[in-house]
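Encoded as structure tokens, the structure appears first; notes follow it.
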Amino acid sequence: MSTTALGPALSKKRVLICVGSGGVGKTTVAATLALRAAVDGRGSLVCTIDPAKRLANSLGLSALGNAETQVPSSALEPLGVTARAPLHAMMLDMKQTWDDLITRVAPPDQRERILANRFYQSLSTALAGSQEYIAMEKVWELRRKGEYELVVLDTPPTAHALDFLDAPNRVLDFLDNEAAKWLLAPALKAGKFGLSLFNRSGYVLRALSKFTGTEMLQELSSFMLSLSGMNEGFRERARGVRALLEDATTGFVLVTSPHPERMDEAIHFNTLLKQHRMEVVALVVNRVHPLPTEAMWADAATLTPTRRAKVEETLRELQVLAEQDGRGIAQLQAACPGIPLIQVPRFGLDVHDITSLWQTGRYLLGDDTF
Amino acid sequence: MAGLLDKRLWVVSGKGGVGKSTVAAALALRSARAGRRTLVCEVNTQERISRFLEHPAAGPEVTLLEENLWAVDVRPQEAMREYGLMVLRFEALYKTVFENRLVRYFLRFIPSLQELVLLGKIMYHLQEKLPDGRWRFDTIVLDAPATGHAISFLSVPHVLVQTVPQGPMSREAQKMRDLLVDPSVTAAVLVALPEEMPVNEALELHAALKDKVHIRTHAAVLNQSIPERFTEADLEALVGHPELHRVAQANHDRASLTVLAGTKLERNLHAPVFTVPRLYLPTFGRDAIEQVMGHLEALVMGEK
Ligand SMILES: Nc1ncnc2c1ncn2[C@@H]1O[C@H](COP(=O)(O)OP(=O)(O)OP(=O)(O)O)[C@@H](O)[C@H]1O
Ligand SMILES: Nc1ncnc2c1ncn2[C@@H]1O[C@H](COP(=O)(O)OP(=O)(O)O)[C@@H](O)[C@H]1O
Ligand SMILES: [Mg+2]
Ligand SMILES: [Mg+2]
């Protein structure tokens, strides 16, 4: 029986997306949620991004990823539980997923040209939000196929929260024909292909080419042309992705560290999600330092002087960290009223095996609390 | 070992959240204290360094924080504008071109143009001179983006030189590349934590900087280290106190991880590793940066 907001989310949502700054524990939380859902009877898939090698190993994923792999039931043996539904995991290879997408939507005779074009390279790797977009597009695809009752998505470390939320719009923008038409208009009309540096807009374009050189603009327009054949398919998907994010069966899990100095990032993310009408099912505050108890201090006082000094020094340090975390959590709570907040302690060691994922899950679902 | 003061561009990078801005702030402060006119650059992010040093945010303009120390948050829009004005020379022309909606659209998709102008602004300040012919800034500390982004950011000049047809962009790129690869100018400082992933990322970053960008790793900083405190005998003696044992064991485990991480970095980077202990302060501000700076003395000033 779960007592946190993640319980109902695990049993009802079709897609959960873990977001937050780098290193806060998104991958850990994503893997944990999928594990719990499977054990509790919903077939689930966790789509991880750059998991630690040991974590990948313990999920039965080898170095070559991008394929959905069933986690062997033997992997769950140490837990003493059997999953009531299968657990799948994959490592998302974003470049490969982009290439697959193009292969799927591009007219066959254009594929190679597009894949080799350097604007495609920048669209698929460097454009702000493109990594985020392809991750979401993958989930949309998985969701459409409907093989899993629950898909949990981990997300790449995003420099700006907005890059993430805006990603579908940016891709739609990229396909915005209006701009391409403007650049190419007279040439298209004349039935040939080239840059119209000398028409009405030529003045602006000539100035622009001072930056980029004319060849760059030529190449961009040629790329836009080759894309135009697949615009509709592409757009439809991007619209689908955007709709999926707002869908009632999709929920966001916002992961954050409890550190007061970093709280602004989580609060900002939460505000943006709300503005975009996306549902945050829970705020997970990960790696919280619990406050040393009175009993611990009393116990420490019974030790021999040198040991007592060492232990008390350690408790004092923990006290500072716990108080710091307490301030951060209070800030977060005040800034995000009405959103359930779940705390996970900092464990002694990294969370890289099934047993420690399970332990993390006990906090996420409220079996254990501080 | 020679100190960083021999170099002019100090590039600080590592995994997200490991303490890049902390280390960049400490290094910049030390450089300024050594009498070098120092500029510390953050790249299009939530500004941290001015805040750590307890000054108002610098924003996108180079701003004097204190004696010998300037800061700037290099942002794409402003950097693009400065670059645009440099090429086009006239404000009015710039406006017609750059404030055109469709042009803005194209600029977003020109591969690497954004990175190029961001890096371009930093490189411009590196070469900027005072009227008397001295450098405007003796030292520039670059608080670079996290690993993956840092690699693509710093590789931009190389990539452009190789792929872009001759033109203004490729000429700019060539100039930047020459400065970045010059070991007498540029040095990288890689930051890690005593944990598996941050250490692995530092090693990846080292390899990528060496092979793709040709920047040498000058040193690594192992931040938030936990010094050894409990001996095996201590732990054994605590067995009868389960709660305290858990606390001591966790501390001991982290200390062992610190040793392992230090060894792994040293072996693979062939560069010195400087250890900065985890600090326990109620707030992380100027005091913290001063303490971190104390641990990086030999990194900046060189071994006596
Ligand atoms: N030695 C230390 N002891 C204790 N806390 C530290 C130490 N170094 C850094 N921190 C804490 O870690 C936080 C993150 O550090 P910092 O902002 O420098 O990381 P970063 O690598 O620049 O992060 P980002 O990738 O987000 O830019 C700081 O706010 C600070 O509170
Ligand atoms: N509660 C925790 N206690 C201790 N270590 C943790 C905890 N949560 C995560 N970690 C560890 O922190 C590191 C970063 O976590 P990860 O989930 O990979 O973060 P992200 O995906 O947000 O970058 C991993 O090595 C993980 O094992
Ligand atoms: Mg991750
Ligand atoms: Mg930083």
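Below, the figures for the structure above:
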| read-out | value |
| --- | --- |
| Test for B:V161: is it at pLDDT below 90 and more than 9 Å from every other protein chain (Cβ to nearest Cβ) | yes |
| Meets criteria (among the hydroxyl-bearing types (S, T, Y), part of a helix (DSSP H, G or I) and open to solvent by less than 40 Å² (accessible area, probe 1.4 Å)) for A:T360 | yes |
| Condition check for B:I215: more than 9 Å from chain A (Cβ to nearest Cβ), open to solvent by less than 60 Å² (accessible area, probe 1.4 Å) and touching a Lys or Arg at 6+ places or on another chain (Cβ under 7 Å) | no |
| Test: A:V311 is within 7 Å of chain B (Cβ to nearest Cβ) and either open to solvent by 40 Å² or more (accessible area, probe 1.4 Å) or of a type in the set (V, I, T) (or both) | yes |
| Residue among B:A202, B:A173 that alone is in contact with a Pro (Cβ under 7 Å, 6 or more places away or on another chain) and either modelled with pLDDT under 95 or within 18 Å of B:V23 (Cα to Cα) (or both) | B:A173 |
| Test: residue in the stretch B:244-260 that is crowded, with 19+ Cβ neighbours inside 10 Å, in a loop (DSSP other than H, G, I, E, B) and on the phi < 0 side of the Ramachandran plot | no |
| Strands (runs of 3 or more DSSP E) contained in the stretch B:10-83 and holding at least 3 residues open to solvent by less than 40 Å² (accessible area, probe 1.4 Å) | B:38-43, B:69-74 |
| Residue match in the stretch B:275-288 (condition: under 18 Å from the mean Cα position of the chain (by Cα), within 30 Å of B:R177 (Cβ to Cβ) and within 16 Å of ligand 1 (Cβ to nearest atom)) | no |
| Selected residue (criterion: farthest from A:V39 (Cα to Cα)) from residues of the stretch A:323-345 that are within 14 Å of another protein chain (Cβ to nearest Cβ) and buried (at least 19 other Cβ atoms within 10 Å of the Cβ) | A:Q324 |
| Members of the stretch A:154-165 that are acidic (D, E) and either surrounded by fewer than 20 Cβ atoms within 10 Å (Cβ to Cβ) or without any contact (Cβ under 8 Å) to a residue 24 or more places away in the chain (or both) | A:D163 |
| Failed condition for B:G302, given (1) open to solvent by 20 Å² or more (accessible area, probe 1.4 Å); (2) on the phi > 0 side of the Ramachandran plot | (1) |
| Only listed residue being touching a residue at least 60 places away in the same chain (Cβ under 8 Å) and under 25 Å from the mean Cα position of the chain (by Cα), chosen from A:D50, A:D99 | A:D50 |
| A:S58 vs. criteria under 17 Å from the mean Cα position of the chain (by Cα) and not charged (D, E, K, R) | no |
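Matching residues to (1) surrounded by fewer than 16 Cβ atoms within 10 Å (Cβ to Cβ); (2) at positive phi; (3) assigned to a helix (DSSP H, G or I):
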{"site": "A:G7", "(1), (2), (3)": "no, no, yes"}
{"site": "A:I17", "(1), (2), (3)": "no, no, no"}
{"site": "A:G23", "(1), (2), (3)": "no, yes, no"}
{"site": "A:A30", "(1), (2), (3)": "no, no, yes"}
{"site": "A:L33", "(1), (2), (3)": "no, no, yes"}
{"site": "A:D50", "(1), (2), (3)": "no, yes, no"}
{"site": "A:A56", "(1), (2), (3)": "no, no, yes"}
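The values are calculated or read from the model by the stated rules, or taken from the named source; none is laboratory data. Just so it is clear, the model here is predicted, and its values are computed rather than measured. Backbone-built Cβ (ideal geometry, glycine too); neighbour counts: all protein chains shown. Ligands, DNA and RNA are excluded from the accessible area calculation, which covers all protein heavy atoms including side chains. Shrake-Rupley method; radii C 1.70, N 1.55, O 1.52, S 1.80 Å.
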